[in-house]
Number of protein chains: 2
Amino acid sequence: MKKLLFLFSLSIFIACNDQNTQVSEENETATTTEQDTVQNFGIVIHGGAGTILKENMSDSLEQAYKAKLEEAIRTGHEILANGGTALEAVQRTINVMEDSPLFNSAKGAVFTNEGKNELDASIMDGETLNAGAVAGVTNVKNPINLAYEVMVNSEHVMLSGKGAEQFAKEQGLEIVDPEYFYTENRYRSMERAREREKKKADNKTAFYDPFIKDEKFGTVGCAALDKNGNLAAGTSTGGMTNKKYNRIGDAPIIGAGTYANNKTCAVSSTGWGEYFIRGVVAYDISALMEYKGLSLEEAAKEVIQKKQPELGGNGGIIAIDNQGNVSMEFNTAGMYRAKMNRDGELEIGIYSE
Amino acid sequence: MKKLLFLFSLSIFIACNDQNTQVSEENETATTTEQDTVQNFGIVIHGGAGTILKENMSDSLEQAYKAKLEEAIRTGHEILANGGTALEAVQRTINVMEDSPLFNSAKGAVFTNEGKNELDASIMDGETLNAGAVAGVTNVKNPINLAYEVMVNSEHVMLSGKGAEQFAKEQGLEIVDPEYFYTENRYRSMERAREREKKKADNKTAFYDPFIKDEKFGTVGCAALDKNGNLAAGTSTGGMTNKKYNRIGDAPIIGAGTYANNKTCAVSSTGWGEYFIRGVVAYDISALMEYKGLSLEEAAKEVIQKKQPELGGNGGIIAIDNQGNVSMEFNTAGMYRAKMNRDGELEIGIYSE
């Protein structure tokens, strides 16, 4: 099976090189030509989307975000440049963001209504279509590594809660005291959200508050294409501030938060999870490419700028296709993001320009 | 938005009636003609797929299955005939199967490795693309009703574990002692699976056993088209016998186990959940119709007879499209199933004929 898929991806690669790869304006990464037989590779990341405005951001904080995004993407890029797999690049890149308090994932995870941090993550291998996901873990330092273990060392795709934590222990992953995930900023956000909730206690569906929309967001994700033509994507999040009822968002849902398929592309989402689940966002981009012949850029625009707004959802995606073309599409004021191509050209962004 | 969708479905309905609806051999339900302005409606259900062989089935058990399938589908059909919504028909039809010990859902749920019953369910509204899902609940009598409450009374799509149970209580749903889900047959299945597992304890990934493949299956599901042209689908399951680590299968995953969209079709899956998640099975059928112009029958065959076997997965789906065409596609030895069209024509099946 793996051999078959490898031959298939190889034939895609050859086909790409044969047909003088179409390069659209946005896709500077697709620089392969007929003469150039070196396999293209590339990587793209996000650190969450939302109402990120320059006027609310200090210069030093902006610098901190940019530095961490650069550190993360360079980690993955080096792995790819040295011939490492897309899966490894995705995992290690996400680890850098998971270990930073700047992003709503792992170390920087937001708090639930009960004052806990519940972490979700997923990863998918575009070569085999294998996938792993975890929901609601509270003591695993790097949830993306647990998602990876679920994928390679279990016959399951998705584990949750205490069971997922038990599996993490058995696999020898780093377990931390839940205190590790405490950050003062995130705790205060949860308290503010609780306060706002109290004020509108007459509302039956109290956990929806239009003013805390931003606190629904924040996720980290990565998509990569390696020198063997294999794609992978991963997503890791702390979910929604002040969330209740062990809510599961899109991040651990294969097809919504994460999808990868060597036939098309690798995608990681960051947005209002409920709408991204209903829109099956990550797989929809792949399906539009496979079934309708859209380019990655066209498919991403269709889903993020048209279908999601029509449904009422907002957020963004990062994605890379099997030719190395990259998309960083969002319909919010900003999205922490970066991309880096084979030639080491780096682009970092925060706001919509 | 709702108005817009209503107009849209109305225009589909008119279009359907204008273009002299194509009726394939398998689809006796699409009997609408230009002269016939009554909106088509219909319903289809499954009670699980797997190695269901006539030689292993007593006549009385076969009769019991057929009688329960008929009772279930007649419940939903009556709702539709009286002008009720597809959503209500789906819910009430699934309730009948949830309350029976014959199917692996609610009352008849299989046991986890820890000797518990963990229930998953999801429901989706094809008109609004709203959806609700629950995973890992242990004391809610009818998980499909909880999925419905999540959809209509929360801003979330997916709740899990204790949080989902808390929400069920707050919504006034019927809570039962977990003992309610005890059935001797299912308990013995779990014990047998545990025994087999012990024998191959040297295997690191002990929870995979090719001999218990069947115990991965068993789910109930329903898809319906109502007189207003609205589609809905729902799925409810006890998951996999002897499952560990709070595994979540495809049943509560929107896009994998359940999907509904008035543009295309409503689908409920029953199969080896891991492969159905990786294949985004339910949404894939819709995407093949929307993006590639396939009929429901063609799309279902493509996914169940081609893509799933290639990936290594097995199981089946039931689905109905916005014209009332029905598919009951499976690649296993059998699938408990039934369909009923506007004219009250009923077809019940168990084995592959």
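None of the figures in this text is laboratory data; all of them are computed from the coordinates on show. All values reported here derive from a predicted model rather than from experimental measurement. Don't worry about glycine lacking a Cβ; one is built from the backbone with ideal geometry, like all the others, and counts go over all protein chains shown.
Here are a few things to note about the model shown:
- 14 Å tail of the calculated P(r), segment B:267-353, as % of Cα pairs: 61
- Qualifying aspartates and glutamates (Cα of each under 12 Å from Cα of A:LYS199; at least 8 residues distant if same chain): A:ASP209
- Order by protection proxy (mean Cβ within 10 Å, highest first), peptides A:129-138, A:248-257: A:248-257, A:129-138
- Segments A:237-246, B:151-160, B:76-85 sorted - mean Cβ within 10 Å per residue, highest first: A:237-246, B:151-160, B:76-85
- Within 10 Å of the Cβ of each residue in A:291-303, the mean number of Cβ atoms contributed by other protein chains is 1.
- Listed pairs B:LYS68/B:LYS243; A:LYS227/A:LYS307; A:LYS116/A:LYS198; B:LYS116/B:LYS198; A:LYS307/B:LYS169; A:LYS116/A:LYS141 exceeding 25 Å between Cα atoms: B:LYS68/B:LYS243; A:LYS227/A:LYS307; A:LYS307/B:LYS169
- Going from the residue with the fewest nearby Cβ atoms within 10 Å to the one with the most, B:MET57, A:MET289 rank B:MET57, A:MET289.
- Cβ neighbours within 10 Å from other chains - mean over B:162-168: 4
- Counting beta carbons within 10 Å around each of A:TYR336, B:TYR291 and listing the fewest first gives the order B:TYR291, A:TYR336.
- Sorting B:SER327, B:SER58 from the fewest to the most surrounding beta carbons within 10 angstrom yields B:SER58, B:SER327.
- Taking the inverse of the mean reciprocal distance over all distinct Cα pairs, the Kirkwood hydrodynamic radius of segment A:41-351 comes to 18.7 Å.
- When each of the peptides A:92-104, B:175-187, B:39-51 is scored by how many other beta carbons lie within 10 Å of its residues on average, the order from highest to lowest is B:39-51, A:92-104, B:175-187.
- Rounded Å value of the spacing that divides the Cα centres of segment A:139-190 and segment A:216-281: 16
- Shielding by other protein chains, B:278-289, mean Cβ within 10 Å: 5
- Full-stretch length increase - B:ARG192, B:LEU61 - with 0.36 nm per residue and alpha-carbon distance subtracted: 45.0 nm
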